[in-house]
Amino acid sequence: MKGVILAAGYGTRFLPATKTVPKELLPLLDRPAIAFVVDELASAGVDEILIISSRRKKALEDYFDREIELERVFSAEGAEEKLGRIKPPEVRVLFTRQQQMLGTGHALLQAEPFVGEEPFIVAYPDDLFLGDQLPAEELTARYDETGCTVLATIHDPPELERYGVLRLNPDGVHVQEIVEKPAPGQAPSREVSVGRYLYTPEVFAFLHQGWEQHIAAPNSAAAGEYYHTYALQQLMDRDRVVYSRTAAERLDTGSPAGYLQAIIRYAARFPEYRTVLKEELARL
């Protein structure tokens, strides 16, 4: 199984920090956000990961490389714990650049030579998950059962209308449609899509088909970004998409407020930081 992480975006909601630091490297305490995603994929048996980045994100490539100078210093000190903390992941991490910000559908097309004829897990690094069983592992198990593309979901979240909500087939298994941000009271279910997908390689034929239509449209130069939703809908129309409800805790780091909440919720898992949180909240 291979993994793809979509990390080419500008991260404008975090400016000015993201003028020079990729949003995916912003830490939760001492761990960059992207490290959570890589560890999740590795725990599901993914052995190769392609990170789709952009010109401004060379620091991502440096993060996954060895740090020879620090290794020498820590080795001389006998600091084994520090050596372990800077060790690159066991999985093989590769990079390609999306040279123009043309949307998620275009980004996924960059992954086709890497993926080949294998199923693959796609991760959006704004969504982080905590727990004993994480979405990537759940997606893989569901694929083994069905042979279909699988969407990770959470059930009945607060502010349901902020999400893409699944419309399910009468069988309760296959997905008919994703309704984006439905009007209050109009949601077709209580199941919402979050940033993990397991795609079968058949998706690429539909990604190419949708891309050709996109660039052939009138005023295509101003048509904006091309998203993966066309290809996904084609798969849904053919009963080739199911869902997997995750039991993991989701942290949404896509906005400064969500990022702050994620830091607090992650820190609260550690007794030493929980004490600090309680003291600071009491002062506030």
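The table for this structure:
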read-out	value
Reach of residue 58 by Cα under 16 Å, taken over aspartates and glutamates that are not fewer than 8 positions away in the same chain	24, 67
Proximal lysines relative to residue 181, as straight alpha-carbon distance under 29 Å, when same-chain residues fewer than 8 apart are discounted	23
Cβ-Cβ FRET estimate between residue 17 and residue 238, R0 fixed at 51 Å, reported to 0.05	0.75
Spatial separation of Cα centroids for the stretch 1-54 and the stretch 73-142, in angstrom	7 Å
Spin-label pair residue 167/residue 255, simplified geometry with 7 Å Cα→Cβ offset, distance in nm	2.7 nm
Contour minus Cα-Cα distance for residue 43 and residue 208 (0.36 nm per residue)	56.3 nm
Cβ crowding within 10 Å averaged over residues, with 110-118, 244-252 ranked highest first	244-252, 110-118
Length gained when the stretch residue 280-residue 245 is fully extended (0.36 nm per residue, less Cα-Cα span)	9.1 nm
Theoretical FRET efficiency, 1/(1+(r/R0)^6), r = Cβ-Cβ of residue 61 and residue 141, R0 25 Å, to 0.05	0.20
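Read-outs throughout are calculated quantities, based only on the coordinates presented, and are distinct from any laboratory measurement. Everything quoted here is computed from the prediction, not taken from an experiment. All Cβ positions, even for glycine, are placed from backbone atoms using ideal geometry, and neighbour counts span all protein chains on display.
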